[in-house]
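*Asks:* Here it is: the structure, laid out below.
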Amino acid sequence: MEQDQLGHETRIIAVGNQKGGVAKTTNTVHLATALGEMGRQCLIWDLDMNHGATLHFGIPSEGFLGTFEVLMGKNSLKM
């Protein structure tokens, strides 16, 4: 377990599977929601080009830049 600059404990939970349709996104969103309800701050880093996790939260696809687009060179981190 690591600590950030303020001394808060940081944990990393990775959810992955090569096969599609095995509930990676659903489980990730539910886990983050449950942790959020417990007062924890969560970051979901969605590498899926379909932006499934973002869409779960009702954010329109035009409202964000995706990691996929940055990795493919379609967007820059400096904007």
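The values are calculated or read from the model by the stated rules, or taken from the named source; none is laboratory data. Owing to the predicted nature of the structure, the values given are computational and were not obtained by experimental measurement. Cβ placement follows ideal geometry from the backbone for every residue including glycine, while neighbour counts extend to all protein chains displayed. The accessibility values were calculated without ligands, DNA or RNA, using every heavy atom of the protein model including side chains. Shrake-Rupley method; radii C 1.70, N 1.55, O 1.52, S 1.80 Å.
*Asks:* Report, ordered by the first and then the second residue, all pairs with beta carbons closer than 7 Å, sequence separation of six or more or different chains, a first member in the stretch 7-32 that is under 22 Å from M49 (Cβ atoms), and a second member that is of a type in the set (K, R) and open to solvent by less than 60 Å² (accessible area, probe 1.4 Å).
*Replies:* Listed pairs, sorted by first residue: V15/K24; G16/K24; N17/K24.
*Asks:* So, in the stretch 50-67, of the ones that are within 12 Å of the chain's Cα centre (by Cα) and modelled with pLDDT under 80, which residue ends up least open to solvent (accessible area, probe 1.4 Å)?
*Replies:* Once the filter is applied, the top-ranked residue is G66.
*Asks:* Now, a different point. For the stretch 1-29, give me each residue that is open to solvent by less than 70 Å² (accessible area, probe 1.4 Å), polar (S, T, N, Q) and more than 22 Å from S61 (Cβ to Cβ).
*Replies:* T10
*Asks:* Follow-up. Can we say A32 is open to solvent by less than 90 Å² (accessible area, probe 1.4 Å), under 22 Å from Q3 (Cα atoms) and either at pLDDT 80 or above or in contact with a helix residue (DSSP H, G or I) (Cβ under 9 Å, 6 or more places away or on another chain) (or both)?
*Replies:* Taking the combined requirement at face value, the residue satisfies it.
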